[in-house]
Amino acid sequence: MALKITVIGTGYLGATHAAAMAEMGFEVLGLDVVPEKVELLSSGRVPMYEPGLEELLAKHVAGIEGSTGRLRFTTSWEEVGAFGDVHFVCVNTPQKHGEYGCDMSYVDAAFASLAPVVRAGSLVVGKSTVPVGSAERLAGVLPEGVDLAWNPEFLREGFAVQDTLHPDRIVVGVPGDDGGRTEKLLREVYAAPIGEGSPLVVTDYPTAELVKTAANSFLATKISFINAMAEVCEAAGGDVVRLAEAIGHDERIGNKFLRAGIGFGGGCLPKDIRAFMARAGELGADQALTFLREIDSINMRRRGQMVEMAREALGGNSFLGRRVAVLGATFKPDSDDVRDSPALNVAGQIHLQGGQVTVYDPKGMENARKVFPTLGYADTALEAVRGADVVLHLTEWREFRELDPAELAAAVSSPVVLDGRNALDGERWRAAGWTYRAMGRPRA
Ligand code: UGA
């Protein structure tokens, strides 16, 4: 009989994982503790913007015309316990308020609810990003006869569906004493991607947990490295974009994740490097990760640098009464996520210093309004820049690259654009009469 799978927590990770498991042919039951979410998902809709996810979900959610009917959602733990052979825990682990450590309360609550209802012989698989040592502890919460695996997730927002259906690797931390039972079951679950060639890396618990935080720390380091080079380029008159291109030709360095700008944000990289430092401290290995403090500082400094570039573009004095247009609010394009968004942070800083900020984002307006209701918002890029003294490009949506600089030039009060993502075609903007400046690049 085909395996029955449950997915606990239906955020970015869980909703995508549930839909992907249904796509791979399994019967799937998703659980969330928020009834409104369950209702929304049951109607084939998702509470966030993620390209392709709604289509994939609607293809499988029971009750939707033409669907396979393999995917359902519930709020009932009893139903989950009775249904599942394999339970994936996909709840989030945000940064603790006022501390670097990660908040394990959702993971702990999920295990506490699952433990009394889970069937003997079933497998629980943690996917949440957790401090190393958590899996060992959580294995002890589960009843006798229920195994635990740790299987970190590497999906990127904006590519969540593709990354889940065709992962570039599958990492599973398994107990050392189960005679290979857990690995065998997970090979069955991931038969499709493994068959396509996705490598399967089987490890112990701590290694699997560390792979995730190490990967995100490496990515954060790469971005802060190129942003540090941008700072030096600014001081020396170099061009960080050409520098990144040139070092990227070395295959050992690679050209990906070397885009200098206002830095990284989102619900993962910033909190993961902080939680990693906090955990290393608890383990007495804090020295090994002190460099991450510097990675974090470089990253946060870029936001301030963008604010200063805007101030300079306005004559170097106060923002009071000056009109600033901000293109982009989300932490990256193709997402509506504004968690720790560098774009919104810069917009907020300028607003708090008296600037009249108007923001436009293709998908992030609703979330941005919730986080920062006092900013001005416009319905289009053209509306946002109307009468602006300076335009800031802070999230690299395709829509912004496709804007007509000549049309925008006619609407602004002063045609000055600052590219916080090194993503616009500076020559095109200059040809349309703009002063174009970008981070880590010489003024033309
Ligand atoms: C990140 C990781 O890339 C995923 O592999 C991981 O699974 C995920 O976190 C997670 O832990 O769940 P994500 O948060 O979706 O994914 O975003 P990224 O694509 O990594 O981008 C993070 C930030 O870095 C964005 O603000 C982006 O604008 C910025 N960035 C990225 C740069 O500033 N420069 C670059 O060259 C690349």
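Which one of VAL124, ALA228, PHE218 has its Cα pushed farthest toward the positive end of the charge dipole of the chain, where Lys and Arg give +1 and Asp and Glu give -1 at the Cβ?
The listed residue farthest towards the positive side: ALA228.
Just grab the label-to-label distance for THR75 and LYS4, each label 7 Å out from Cα along the Cβ direction, in nm (one decimal).
Rounded to a tenth, the inter-label distance reads 2.2 nm.
With +1 on each Lys and Arg Cβ and -1 on each Asp and Glu Cβ, how big is the dipole of the chain about its Cα centre, in debye rounded to the nearest 20?
About 1020 debye.
Taking amide H atoms as placed 1.01 Å from N in the peptide plane, list the residues 5 or more away in sequence, or in a different chain, whose amide H sits under 5 Å from that of GLY376.
Residues meeting the criterion, in which the H sits 1.01 Å from N, are VAL357, VAL359.
By how many nm would the segment from VAL371 to ARG430 lengthen if fully extended, with 0.36 nm per residue of separation less the alpha-carbon distance?
Extending this stretch completely gives an extra 17.8 nm.
Among PRO175, PHE257, CYS102, flag the residue with its Cα farthest along the positive direction of the charge dipole of the chain, charges on Cβ as +1 for Lys/Arg and -1 for Asp/Glu.
The residue sitting farthest along the positive end of the dipole is PHE257.
Cut-off 19 Å, label point 7 angstrom out along Cα-to-Cβ of GLU402: give me the residues of the stretch 339-379 whose amide nitrogen falls inside.
Residues 360-365, 379 qualify, since their backbone N sits under 19 Å from the label point.
Net charge within 14 Å of VAL416 by Cβ-Cβ distance, Lys/Arg positive one each and Asp/Glu negative one each, not counting VAL416 itself?
So the surrounding residues net to +3.
What does the C-alpha gyration tensor say about the overall shape of the chain? Classify as rounded when a/c is under 1.5, otherwise prolate if a/b is larger than b/c, or oblate.
Note, shape of the chain comes out prolate.
How long is the gain from ASP108 to GLN162 if the chain were fully straight, where each residue apart is worth 0.36 nm and the alpha carbon distance is subtracted?
Full-extension gain reported as 16.5 nm.
Taking amide hydrogens as modeled 1.01 Å from N in the peptide plane, which residues meet the under 5 Å criterion relative to ASP204, leaving out close sequence neighbours?
Amide H neighbours of ASP204: VAL174.
Using the Karplus curve 6.51 cos²θ - 1.76 cosθ + 1.60 with θ = phi - 60°, work out ³J(HN,Hα) for each residue of the stretch 396-409 in order, rounded to whole Hz, and write x for Gly and Pro.
7, 5, 4, 3, 6, 5, 8, 5, 8, x, 5, 5, 5, 4
Given a 10 angstrom Cα cut-off, can you work out which residue in ARG279, ARG430, ARG242 is the most mobile in a GNM of the chain?
Checking each option, the largest mean-square fluctuation is seen for ARG242.
So, with +1 on the Cβ of K and R and -1 on the Cβ of D and E, and no other charges, what is the size of the charge dipole of the stretch 332-437 about its Cα centre, to the nearest 20 debye?
With only Lys, Arg, Asp and Glu charged at Cβ, the dipole is about 260 debye.
On a full-extension model of 0.36 nm per residue, what is the gain between ARG137 and ARG181, subtracting their alpha-carbon distance, rounded to one decimal in nm?
13.8 nm
For the chain, modelled as a Gaussian network with Cα springs under 10 Å, which listed residue fluctuates most, LEU56, LEU243, LEU155?
LEU243
About its Cα centre, what dipole magnitude does the stretch 4-202 give when the only charges are +1 on Lys and Arg Cβ and -1 on Asp and Glu Cβ, stated in debye to the nearest 20?
Charge dipole of the stretch 4-202: 140 debye, to the nearest 20.
Can you tell me how the stretch 290-442 classifies by the Cα gyration tensor, rounded, prolate or oblate, using a/c under 1.5 as the rounded cut?
rounded
In whole angstrom, how far apart do the alpha carbon centroids of the stretch 1-18 and the stretch 165-215 sit?
So the two Cα centres are separated by 16 Å.
Give me the distance in nm between label points sitting 7 Å out from Cα along the Cα-to-Cβ direction at ILE64 and THR207, one decimal.
Going from the ILE64 label point to the THR207 one covers 3.9 nm.
Along the charge dipole of the chain, Cβ charges K/R +1 and D/E -1, which of GLY420, VAL371, GLY387 sits furthest on the positive end?
Of GLY420, VAL371, GLY387, it is GLY387.
Mind checking the angle between helix 205-236 and the chain's longest principal axis? C-alpha axes, 0 to 90 degrees, to the nearest 10.
Rounded to the nearest ten degrees, it is 10.
With a ≥ b ≥ c the root eigenvalues of the C-alpha gyration tensor of the stretch 1-160, is it rounded (a/c under 1.5), prolate (a/b larger than b/c) or oblate?
Here the stretch 1-160 falls in the oblate category.
All of the numbers you see were taken from the coordinates with simple rules; none came from a lab. Given the structure is predicted, the values throughout are model-derived calculations rather than measurements. Don't worry about glycine lacking a Cβ; one is built from the backbone with ideal geometry, like all the others, and counts go over all protein chains shown.
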